[in-house]
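Contents: one structure, followed by commentary.
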Amino acid sequence: QVQLVESGGGSVQAGGSLRLSCVASGDTYSRKCMGWFRQAPGKEREGVVGYSIGRSITYYADSVKGRFFISQDNAKNTVYLQMNSLKPEDTAMYYCAAVTAWSLRLCGDFGLYSVWGQGTQVTVSS
C-alpha cells in the first residue's frame, strides 16, 4: 500500500497563492493516477484535479481551471498543487489521493481514487 501525506495549507487573502505538497511512500509504483480533492464544511468531497502518471494527462474541475496547477517531482515522490487567484469559496480541507487499481477510465473519473492523505486546511479570507 502507498501512503500519502499532505502539507502546505494555511490562511491567505483572496487573490493570493498557496502551494500544497503530497509526499508518497511505501508502494509508490502502484499509483496509476494522482489527484487532489477538497471538502468544505457542510459539503460533499469534490475532485479538484486528476493526473495520469506517465502520460502527463490532466483533468481540472471547472471551478479551478486556469487557477490551479498540478505538478510532480518523481525523484522525491512528491505531487504539488499550485493554487493561484484564490477565492473564499476555495476554503476547504484539501486531500491528496491516488488510484492504485488498473482501469480503462481516465484519472479525471474522481470515483476511482481509493488512497487518501490526512488532509491540509486551506482558508481564504475576503
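The values are calculated or read from the model by the stated rules, or taken from the named source; none is laboratory data. Here the structure is a predicted model, which means the values were calculated and not measured. Reconstructed Cβ throughout: ideal geometry from the backbone, glycine too, with neighbour counts over all protein chains shown. Keep in mind that these areas ignore ligands, DNA and RNA; they rest on the heavy atoms of the full protein, side chains included. Shrake-Rupley method; radii C 1.70, N 1.55, O 1.52, S 1.80 Å.
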Only one residue in Leu106, Leu112, Leu86 is open to solvent by less than 10 Å² (accessible area, probe 1.4 Å) and of a type in the set (A, V, I, L, M, F, W, C). Which one?
Leu86
Specify the residue that is farthest from the chain's Cα centre (by Cα); the eligible residues are those in the range 70-87 that are without any contact (Cβ under 8 Å) to a residue 24 or more places away in the chain and part of a strand (DSSP E or B).
Asp73
Could you grab me the full set of residues in the range 89-103 that are aliphatic (A, V, I, L, M) and either open to solvent by 50 Å² or more (accessible area, probe 1.4 Å) or closer than 15 Å to Gly54 by Cα (or both)?
Met93, Ala98, Val99, Ala101
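Okay, residues lined up against (1) modelled with pLDDT under 95; (2) closer than 15 Å to Tyr113 by Cα; (3) touching a helix residue (DSSP H, G or I) at 6+ places or on another chain (Cβ under 8 Å):
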site: Arg38; (1), (2), (3): no, yes, yes
site: Lys43; (1), (2), (3): no, no, no
site: Ile57; (1), (2), (3): yes, no, no
site: Arg67; (1), (2), (3): no, no, no
Taking Val23 and the conditions (1) open to solvent by less than 50 Å² (accessible area, probe 1.4 Å); (2) of a type in the set (A, V, I, L, M, F, W, C); (3) in contact with a Leu (Cβ under 8 Å, 6 or more places away or on another chain), which numbered condition does it fall short on, given that it satisfies the others?
(1)
Starting from residues that are of a type in the set (S, T, N, Q) and touching a Ser or Thr at 6+ places or on another chain (Cβ under 6 Å), keep the ones in the range 1-23 and report whichever is farthest from Asn84 (Cα to Cα).
Gln3
Within the range 34-81, track down each residue that is crowded, with 17+ Cβ neighbours inside 10 Å and either on the phi > 0 side of the Ramachandran plot or among the acidic types (Asp, Glu) (or both).
Asn77
Pairs needed: first member in the range 98-122, free of Cβ contacts under 8 Å to residues at least 24 places away in the same chain; second member anywhere, outside any loop (DSSP other than H, G, I, E, B) and of a type in the set (Val, Ile, Thr); C-beta distance under 7 Å; at least 6 residues apart or different chains.
Ser114/Val99
Filter the range 8-36 down to residues that are touching a strand residue (DSSP E or B) at 6+ places or on another chain (Cβ under 6 Å), under 14 Å from Asn77 (Cα atoms) and not hydrophobic (A, V, I, L, M, F, W, C), then give me how many there are.
9
